[in-house]
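Please read the structure below before turning to the comments.
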Amino acid sequence: MNIKTIQAQGYSIYFNDEGTSFINQLLVEKKPSKLFILVDDHTNEHCLPMFLSSLCTDIPLEIIEIESGEPHKQIDTCVQVWYALSELGADRKSLLINLGGGMVTDLGGFVASTYMRGIDFVNVPTSLLAMVDASVGGKTGVDLGALKNLIGVINNPLGVVIRTEFLDTLPANELRCGMAEMFKHGLIYSESYWQKMCSLNELSVAALDELIYESVLIKNSIVTQDIGEQHLRKTLNYGHTLGHAIESYCLQNPDRECLLHGEAVAIGLVLSSYLSVKELGLPLSVANKVKAVIGEFFEKQFFTYEEITDICQLMRFDKKNVRGNVHFVLLEAIGKPKIDCIVPYEEIYKAFEYYLEEV
Ligand code: NAD
C-alpha cells in the first residue's frame, strides 16, 4: 500500500520522511520567531533526540518538559507551560511542537490555542494511541479533576507528523492500548481492515506502518463525514460506554489494579459484541472471533456480580447518556454499527459471563 499524506479537515497528516520534510519546510516558510518543543519526561528521553536530529533549522529553540501521565493532564500543568512560554519569550509568532502521546498533544494543543489567544502548533504523536486516534479531529484539552477532557477547545494544528519509529521505545501495554482502538476501527468501519488486524501477530513492522495509516484513514473518514458529531462520529464510541465504566471502576477501587484506557476498551469491545449478538443479530461467530483476538493480546480480567452492578451504576454517569438512558453503539455486522441502542441491564451481566467463558 502506498502511504500518502492524509488531508484532514483543515490540516494534513504526514507520515515518516514526508513528516520530517513538512516540518523543515514549515520552518523555512513560516519563519517562527522561536520554536518550543513540549515533551513529557518519557518522550524527552526516548523521542526528543531522534526528533532533534531530523530538524534542520537555526531558529532559537527551547524545550519545555512536563510530568508524564494522565493525572498531570490538568489545568495546573497548563499554567506551568503558559508561564514557561512567557518566561522563555514566546510571542504570537512562536511555534509549539507537541512531541508525545495523547496527553501531551491534547494539553499542548490547548496551551497553544489559548496562549496569547492562540499560537501555531504542530503535533508529533509518539504513542500508537495518539497516532491512530488523537491525531484526528482537532480536539484539545485537559481533565478537570477526575472528569476527563472536560475543559478544551477544538482547534487544528498546522499539521500532524506520524513517525512510526517512535514506537520502538513505547512500552508493550501502551502499544496494546492503541491496538484496541485499531480493532475498533475495523469493527465499526471495515471488514477487510478487521481481517488484517486479526492477523497482526504474523505481521512485519512494514505491515504495522500500513495498519496505522489505514486506521488514520478510517478515523479521518468518519470525522470528516460528520463534523457536527451527530451520527457517524458517535460510532467511534463502540466498546467505550462499558470500557469507560470499567476503567473508572478500577480507578476508584483500591482493591483492583488500574487498567489503562485501551485495556478497558478491549473488554468493552468483547462485551459490546456479545450485546450486538443479542440485540441486533450479529452472528455469534463474529463475537467469538472478537473475544479470541482480544484474548490473544489482553490478559483476562475477572469481575464479581457486585462489581458488575457497580460498573452498571457508573455507566449512568456517562457523558453521552440521553435523558438518563445509557446509549450503546452496537453492530449489525462488521462495518455496520447502530448508535443509540438501549440494552436491558440483565444482558450486561450475561455479557460479562460470556466474556469470562472460554471461546
Ligand atoms: P500518554 O500521552 O499519557 O502516553 C502514554 C505513556 O507512554 C506515557 O507515559 C508517555 O510518556 C509514554 N510514551 C509516549 N510515547 C512514547 C514513546 N515513543 N516511547 C516511550 N514512552 C512513550 O497517553 P496516550 O495513551 O498516548 O493517549 C491518551 C490520551 O489521549 C488521553 O488523555 C486521551 O484523553 C487522549 N485522547 C485524545 C483524543 C483526541 O481526539 N484528541 C483521542 C484519543 C485519546
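A compact table of results
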{"quantity": "Residues located in the range 1-56, provided they are at pLDDT below 95, of a type in the set (A, V, I, L, M) and open to solvent by 60 Å² or more (accessible area, probe 1.4 Å)", "calculated": "1"}
{"quantity": "Sole residue being touching a residue at least 60 places away in the same chain (Cβ under 8 Å), open to solvent by 20 Å² or more (accessible area, probe 1.4 Å), of a type in the set (Asp, Glu) and assigned by TED's automatic domain parsing to the domain that holds residue 240, chosen from 332, 307, 346, 279", "calculated": "279"}
{"quantity": "Residue within the range 201-210 that is of a type in the set (D, E, K, R) and within 13 Å of the ligand (Cβ to nearest atom) present", "calculated": "no"}
{"quantity": "Some residue of the range 101-111 being away from the ligand (no atom under 15 Å from the Cβ) and buried (at least 24 other Cβ atoms within 10 Å of the Cβ)", "calculated": "no"}
{"quantity": "Cβ pairs under 8 Å, 6+ apart, first in the range 200-220 and open to solvent by less than 10 Å² (accessible area, probe 1.4 Å), second assigned to a helix (DSSP H, G or I) and at pLDDT below 90", "calculated": "211/200"}
{"quantity": "Residue list for the range 147-190, filter: under 15 Å from the mean Cα position of the chain (by Cα), of a type outside the set (D, E, K, R), near the ligand (Cβ under 8 Å from one of its atoms) and surrounded by fewer than 17 Cβ atoms within 10 Å (Cβ to Cβ)", "calculated": "149"}
{"quantity": "Residue that is modelled with the lowest pLDDT, among those in the range 116-146 that are open to solvent by 20 Å² or more (accessible area, probe 1.4 Å) and more than 10 Å from the ligand (Cβ to nearest atom)", "calculated": "146"}
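The values are calculated or read from the model by the stated rules, or taken from the named source; none is laboratory data. As the structure is a computational prediction, the values presented were derived from the model and not from experiment. Reconstructed Cβ throughout: ideal geometry from the backbone, glycine too, with neighbour counts over all protein chains shown. Note: accessible area is taken over every heavy atom of the protein model, side chains too, but ligands, DNA and RNA are not part of it. Shrake-Rupley method; radii C 1.70, N 1.55, O 1.52, S 1.80 Å.
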